[in-house]
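**Student:** Take this structure first; my questions come after.
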Amino acid sequence: MAKILIIDDSKMSRRMLRTILEGIGHDIAGEATNGEEGVRLYKELKPDAVTMDITMPEMDGISCLKAIKEFDEAASVIMVTAAGQSSKLMDALKLGAKEFICKPYEPEQVINAIKEVLKNK
Amino acid sequence: MVEYLLGNHLVQSGKLSAEQLTAVISKMDEVRVKLGLLAVAEGMMTIEQADEVNRFQATMDKRFGDIAVEKGYLTEEQISNLLKKQGNTYLAFAQALVDENLLQLQELEEMMDSFQQENSFTKSDMEDLRSDDPDRIVPLFLPPEAMCFKDITGVLIRTMIRCIDRHVYMGKAELGNELSVKESAFQKIAAFSVPVAGYKAMETGLAEEDGGLAVIAAAYCRESEPLEKEDMLDAAGEFLNCVNGLYATSLSRNGIDSELLPPIFFEASSALKDTAVLSVPVYARGKKAIFIIMGQE
């Protein structure tokens with residue numbers, strides 16, 4: 001069982017991810033609704049993995065990923081985003097995001113991505 | 001789409017009851033198999049390949065068959081054979097009506113003629129309708145001066161068919177400068193690097209009309225119960241984000257960059273005003289919502 005932090009401004013997206021991840025026995029350590037809150041919760045909770053939306057108000061997913069990576073270079077971050085964000089997704093992968101999932105996704109895609117990032121822990 | 005477009009005409013003409021139409025469409029569902037499943041069952045693809053194509057579909061607005069051909073898993077000829085096996089929706093609808101003794105083929109053809117007249121469709125339009133191909137059907141429901149919005153409307157319809165309801169259909173769209181809508185979610189696709197159809201940006205929205213937004217929101221989140229209004233709008237915004245993202249991907253393939261801004265929500269009715277406001281009635285599980293596209297100069 002791993003500790004996971006969900007960072008997404010959409011309550012329903014967080015709920016969907018929570019349902020999938022809790023369904024395979026993981027613990028949702030926290031939920032953040034924007035990048036700033038995400039960075040704060042990452043430092044506080046030190047989760048095993050993070051799911052990160054890109055398009056968020058205040059601080060977006062790219063800035064949040066950068067701040068988390070500066071704090072913890074080994075952070076395991078999965079970008080969860082709609083299609084059409086290819087340049088931002090490339091930025092995220094360059095910054096060290098380990099996986100990405102496109103919305104709308106099937107639960108198996110989330111499960112596989114989490115397995116993949118936790119494999120290296 | 002054709003099953004509901006024609007089916008509703010049969011209901012309005014008193015040839016079928018709404019319950020009979022629902023039963024006929026359920027019967028069609030029992031026999032229709034998805035193309036990927038059919039390809040696996042026929043031994044043309046592995047489950048892993050079909051899953052991979054499904055995953056690709058989430059990132060690009062393309063049909064299963066087109067992606068499978070691009071990846072070299074299926075040939076055009078195999079796709080053609082699979083589509084024949086899968087069957088045409090119009091023919092499946094006609095077959096189900098006859099099997100259930102609700103209508104004879106002759107009566108159905110007469111109803112097709114009256115449907116054609118009522119909607120001022122040409123023979124060629126009717127062929128497009130019978131094809132059940134969203135790319136051919138969407139333009140039939142847009143005013144000529146709104147054809148610049150056919151691509152994004154097509155993305156919406158295909159994404160709804162894939163994620164919300166495979167029997168989704170649309171009504172005649174209207175173009176104006178103003179529109180009043182009930183509760184709604186909007187998202188701006190900003191800063192096109194090159195103007196699209198003369199517009200520097202677009203904003204799309206989904207508004208409630210007759211329960212359709214509630215259906216879209218719950219289906220997107222795989223919730224069986226209706227959502228509270230705030231959650232419904234949040235989910236509608238997320239669904240809109242997927243549609244706009246797929247549209248932005250298609251623009252990007254043509255060298256046009258854009259940026260998606262976070263969705264915004266209106267819990268009460270609102271009055272919209274812009275250079276061009278297109279309202280497209282869309283129906284999910286028979287319930288109506290309004291898809292809105294605003295072109296901004």
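**Student:** In Å², and per residue, what accessible area does the stretch A:1-115 have when probed at 1.4 Å with the other protein chains present?
**Tutor:** Normalised by residue count, the accessible surface of the stretch A:1-115 is 41 Å².
**Student:** Return the Rg/Rh ratio of chain B with Cα-based radii and a Kirkwood Rh.
**Tutor:** 0.97
**Student:** Quick one: go through the stretch B:89-125 and flag any residue whose amide nitrogen is under 15 Å from the point 7 Å out along the Cα-to-Cβ line of B:Gln12.
**Tutor:** Once the point is set 7 Å along Cα→Cβ of B:Gln12, B:111-121 turn out to lie under 15 Å by backbone N, inside the stretch B:89-125.
**Student:** Additional query: Over the Cα atoms of the protein assembly as shown, Rg to Rh with Kirkwood Rh, two decimal places?
**Tutor:** Here the Rg-to-Rh quotient is 0.98.
**Student:** Same structure again: Using the Cα atoms of the stretch B:172-252 to build a convex hull, what is its mean projected area in square nanometres?
**Tutor:** Seen from a random direction, the Cα hull of the stretch B:172-252 projects 6.4 nm² on average.
**Student:** Give me the mean projected area, in nm² to one decimal, of the convex hull enclosing the Cα positions of the stretch A:28-121.
**Tutor:** 5.6 nm²
**Student:** Please list, in order, the residues from the stretch B:208-252 whose amide nitrogen is less than 20 Å from a point placed 7 Å along the Cα→Cβ vector of B:Ile264.
**Tutor:** Hits in the stretch B:208-252 for B:Ile264 at 20 Å: B:208, B:230-245.
**Student:** What FRET efficiency comes out for A:Lys121 versus B:Lys71 if R0 is 22 angstrom and r is the Cβ-Cβ distance? Round to the nearest 0.05.
**Tutor:** E(calc), rounded to 0.05, equals 0.10.
**Student:** State the percentage of accessible surface on the stretch B:1-126 attributable to carbon and sulfur atoms; use a 1.4 Å probe and exclude ligands, DNA and RNA.
**Tutor:** Answer for the stretch B:1-126 is 49 percent, counting heavy atoms of protein chains only.
**Student:** For the stretch B:180-282, with only Lys/Arg (+1) and Asp/Glu (-1) charged at the beta-carbon, what is the dipole magnitude about the Cα centre, in debye rounded to 20?
**Tutor:** Dipole size: approximately 600 debye.
**Student:** Taking all pairs of different Cα atoms in the stretch B:89-129, averaging 1/r and flipping that mean, what Kirkwood radius in angstroms comes out?
**Tutor:** The Cα-based Kirkwood calculation yields 10.8 Å.
**Student:** Leaving out ligands, DNA and RNA, calculate the buried accessible area for the pair A and B with a 1.4 Å probe, summed over both sides, in Å² to the nearest 100.
**Tutor:** 2000 Å²
**Student:** Straight-line reach only, C-alpha to C-alpha below 25 angstrom: list the lysines that B:Lys27 could link to, leaving out same-chain residues fewer than 8 apart.
**Tutor:** B:Lys15, B:Lys84, B:Lys85, B:Lys287, B:Lys288
**Student:** Calculate how large, on average over all directions, the projected area of the Cα convex hull of the stretch B:74-214 is; give the answer in nm² to one decimal.
**Tutor:** 12.2 nm²
**Student:** Follow-up question, since we're still on this one. What nm value, rounded to one decimal, do you get for the distance between A:Glu106 and B:Asn101 when each label is placed 7 Å out toward the C-beta?
**Tutor:** 4.1 nm
**Student:** Next up: For the stretch B:96-146, build the charge dipole from Cβ charges (+1 Lys, Arg; -1 Asp, Glu) around the Cα centre, then report which of B:Ser120, B:Leu105, B:Pro143 sits farthest towards its positive end.
**Tutor:** Looking along the dipole axis, the top candidate is B:Pro143.
**Student:** Near B:Ala50, within a Cβ-to-Cβ distance under 13 Å, what is the net charge of the other residues, with Lys and Arg +1 and Asp and Glu -1?
**Tutor:** So the environment of B:Ala50 carries a net charge of -3.
**Student:** Share of Cα-Cα pairs in the stretch B:213-280 beyond 17 Å, in percent?
**Tutor:** For the stretch B:213-280, the fraction of Cα-Cα distances above 17 Å is 56 percent.
**Student:** I've got another one for you. Would you be so kind as to list the residues of the stretch A:1-43 that have their accessible area lowered by at least 50 Å² in the full protein complex compared with their chain by itself (1.4 Å probe)?
**Tutor:** Buried by the other chains: A:Met12, A:Met16.
**Student:** Under 15 Å from the Cβ of B:Thr275, count the other residues' Cβ atoms, weight Lys and Arg +1, Asp and Glu -1, and hand me the total.
**Tutor:** Around B:Thr275, the charge tally is -2.
**Student:** Mind jotting down the distance between the C-alpha centroids of the stretch A:42-115 and the stretch B:73-143, whole Å?
**Tutor:** The stretch B:73-143 and the stretch A:42-115 have Cα centres separated by 43 Å.
The values are calculated or read from the model by the stated rules, or taken from the named source; none is laboratory data. Because the structure is a prediction, the values reported are computed rather than measured. Counting neighbours? That spans all protein chains shown, and the Cβs are built from the backbone with ideal geometry, glycine included. Surface accessibility is based on the protein's heavy atoms, side chains included, excluding ligands, DNA and RNA. Shrake-Rupley method; radii C 1.70, N 1.55, O 1.52, S 1.80 Å.
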